[in-house]
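One structure is given here, and the rest of the page talks about it.
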Amino acid sequence: MCGIFAYINFLVERDRKYILNNLLVGLSRLEYRGYDSAGLCIDGKNDQEILIYKQVGKVLALRQKIEEDKDLDLNKTFLSHSGMAHTRWATHGVPSERNSHPHRSDPSNEFLVVHNGIITNYKELRAILEKYGFVFESDTDTEAVAKLAKYIYDSQKKAGNPLSFTALVKAVCKELDGAFALIFKSVHYPDEMVAARRGSPLLIGVRTDKKMKVDFVDVEEVVLGEDQVGNQQNYRRVQSRSFFGEDTTPQPIEYILASDASAIIEHTKKVLYLEDDDVAHISAGDLHIHRLRRDDNMSSIRTIQTLVQELAQIQKGNYAHFMAKEIHEQPESVINTMRGRVDFNKFSVNLGGLRSQLTNIRRSRRIIFSACGTSFHSCVATKSLFAELTDMAISLELSSTFLDERLPVYRDDVCIFVSQSGETKDTLLALQYCKERGALCVGVTNTVGSTISRETHCGVHINAGPEISVASTKAYTSQYIALTLIALQLSDDSHQKTARRKEIIEGLYSLSNNIKKALAQEETIKKIATQQFKSATSLILLGRGYQGATCLEGALKIKEVCYIHAEGIFAGELKHGPLALIDNTMPIILVMNKDRHYSDVENAFKQVTARGGNPIVICNEDDDSSLFHNMSTIRVPRTVDALQGIINIIPLQLLSYHLATQYGYNPDSPRNLAKSVTTA
Ligand code: UD1
Ligand code: M6R
């Protein structure tokens, strides 16, 4: 759970100040991937000296540390230079300077590495390398990679077989188990950089004034011989072409490598996504992609894609936090999820990503939904609509328990994996498990090019735009809509369901306006946060039917950003235990909409108030029930039952946001949590 970033300029003169700023800004864009410490490395007096800076805390702290170094000549210019940086979320060893990246091979910084992912065999590697005299400085898995690079480099050189930087990195990667996106820098290969990926995302941005002749890179297929450390590498190039076709004149060019497009977009829109087992070599302005091993199924062409995101999309705008910005983006993000997919005149839905598999999905035996956290709640929220519209057997499985339970999955199952980031390890493992068993795997992801998006057989991008705040808000509403659209499309062959489908599509049409009306309740909600929940240490959210999911998701938001214990309870369960918690001191939120569960929730309301409870009621604007005359209410527009959860979650998102800021917490970076959970 880390962010890696690198910047390479070739024949483009840049001063050190520019290079450092690029690295630091790049890191700050990736901070949502981890932010407990940060580090970077740049060239020193010359390219035989590498300077490393590391700092615990956020990127700003690293910037301050660098600014304090008065010996650093910021005006020194470089015609060609490679620098790399890392923002960390601890997995091996506590957040500390010595555990921060870049990690080095030795005290003279011969090889430096930044890494995102986990090397599972690092203990074995470390033990071997210690035997060879290497002294480890950190508790990380990554350090073994840097030291292994030096070990292989030295031993090959000694054997009279000096390796190219690419061949060296390939030899290193072949010894690694686990997941990684790695970038290497070395004094032995000045101004060169090698990056490799397996299981963790990595992309390369290209910036040049010269028009590119081709918009793809042919991969150099490489056959490696025996892969034992120290053995001679045997490789063969099949084909290779750089961007400028046959033009061999060196061109001024800059490359930006990052875990995520949000760090690249301000430099260039031209990017190339690395595939698993790709090794990218950048040297003298050229980019070559090699394969770690022969793989007949892997295309030998990597397309240079044009990013469609705008920088403004990833900035905070006028909001104090990304979470606030993202909550307020929802009137627009829900439209983006439906854009080009829903015909409101014909009441039809067309999801391009599912078209080819619709028949197979309809023929399947059951649908299994799997996800974690908020993404899981979007599945809970849409489960009954799915069952109602498709008449199929539906099962919901938390990805984090999927493998524990070794659930039977068959070829005629359809498994839907929902993930904002598309990189959640638990969900990826569940996906792998289902794929191995022959099930049709469908992704619902927000991140184009993410691992889940690419590993699933087909799917739907929710198109909510980048979500930076760790607390997921706009992704939830967009996932909810995307899943609803899938159910609508799957049922469009059923005449019986026409009226219901029409009712829901009409509800989708007015969704954006209804979200705006719910957002307009912000002042009321802020008041409730400051006046009624000021000293709350625990909170209960009650709802029924579709609103059970709203309560689960509302409670997760409150736990996550306010550090208050909160529990979402399906109101029918109250009498089976939780009622014992109710008295006049327990803060309660009750979700009560005018749907078929209204009288059941009324019962819950009575059970709670009879025990001294004083719930805050989220109800519809047109609800004039005398029951809650003396209660605080948050009134939201009424919509079709299956979509009401999208409106109801808005006040709970706002409540958690205002509670968090009232306590002085930064809701964008809750303690102990990171945006992308890439460990199982
Ligand atoms: C696609 C384009 C969109 C364009 C539209 C025009 C992309 C990413 N999307 O959108 O820019 O405006 O056509 O018709 O280029 N997929 C998965 N797993 C997932 C998510 C998606 O396999 O988790 C696959 C889909 O099956 C599909 C592709 O990725 O093959 C793109 O999916 P999506 O963006 O949802 O498709 P469209 O809405 O058709
Ligand atoms: O990226 P994903 O949707 O797969 O992430 C799953 C959960 O980790 C995520 O939804 C988490 O629960 C959110 N931080 C909650 O706000």
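The values are calculated or read from the model by the stated rules, or taken from the named source; none is laboratory data. The model shown is predicted, which means the values in this text are computed figures rather than measured ones. Every residue, glycine among them, receives a Cβ derived from its backbone with ideal geometry; neighbour counts consider all protein chains shown. Surface areas here come from the heavy atoms of the whole protein model, side chains and all, with no ligands, DNA or RNA. Shrake-Rupley method; radii C 1.70, N 1.55, O 1.52, S 1.80 Å.
Scan the stretch 161-170 for residues that are aliphatic (A, V, I, L, M) and either surrounded by fewer than 24 Cβ atoms within 10 Å (Cβ to Cβ) or modelled with pLDDT under 95 (or both) and the total you get is 2.
Residue-by-condition table, conditions (1) without any contact (Cβ under 8 Å) to a residue 24 or more places away in the chain; (2) surrounded by fewer than 16 Cβ atoms within 10 Å (Cβ to Cβ); (3) in contact with a helix residue (DSSP H, G or I) (Cβ under 7 Å, 6 or more places away or on another chain):
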position: Arg33; (1), (2), (3): no, no, no
position: Gln48; (1), (2), (3): no, yes, no
position: Arg63; (1), (2), (3): no, no, yes
position: Ile66; (1), (2), (3): no, no, yes
position: Ala85; (1), (2), (3): no, no, yes
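Rundown of residues vs (1) touching a His at 6+ places or on another chain (Cβ under 7 Å); (2) not in a loop (DSSP other than H, G, I, E, B), yes/no style:
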| residue | (1), (2) |
| --- | --- |
| Glu124 | no, yes |
| Phe134 | no, no |
| Thr140 | yes, no |
| Lys147 | no, yes |
| Tyr151 | no, yes |
| Ser155 | no, yes |
| Gly160 | no, no |
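Among residues of the stretch 105-121 being modelled with pLDDT under 95 and among the β-branched types (Val, Ile, Thr), the one that is farthest from the chain's Cα centre (by Cα) is Thr120.
The single condition among (1) closer than 30 Å to Leu24 by Cα; (2) touching an Asp or Glu at 6+ places or on another chain (Cβ under 6 Å) that Leu168 does not meet is (2). Among the helices (runs of 4 or more DSSP H) confined to the stretch 430-540, the ones with at least 1 residues that are within 16 Å of ligand 1 (Cβ to nearest atom) and open to solvent by 40 Å² or more (accessible area, probe 1.4 Å) are located at 451-455. Within the stretch 541-562, none of the residues are part of a loop (DSSP other than H, G, I, E, B), under 20 Å from Ile525 (Cβ atoms) and in contact with a strand residue (DSSP E or B) (Cβ under 8 Å, 6 or more places away or on another chain). Given the condition among the basic types (Lys, Arg) and closer than 30 Å to Ala179 by Cα, answer yes or no: does some residue in the stretch 2-18 qualify? Scanning the stretch 2-18, I find no residue that is among the basic types (Lys, Arg) and closer than 30 Å to Ala179 by Cα, so the answer is no.
On the given criteria, is Asn630 away from ligand 2 (no atom under 16 Å from the Cβ) and at pLDDT 95 or above? No, not satisfied.
Of Thr456, Thr477, Thr473, Thr451, all but one fail to be outside the structural domain of Ala555 (by TED's automatic domain parsing), among the hydroxyl-bearing types (Ser, Thr, Tyr), within 16 Å of ligand 2 (Cβ to nearest atom) and at pLDDT below 95; the exception is Thr451.
Of all the listed residues (Ile646, Ile618), the sole one being in contact with a Ser or Thr (Cβ under 6 Å, 6 or more places away or on another chain), open to solvent by less than 30 Å² (accessible area, probe 1.4 Å) and modelled with pLDDT of 95 or more is Ile646.
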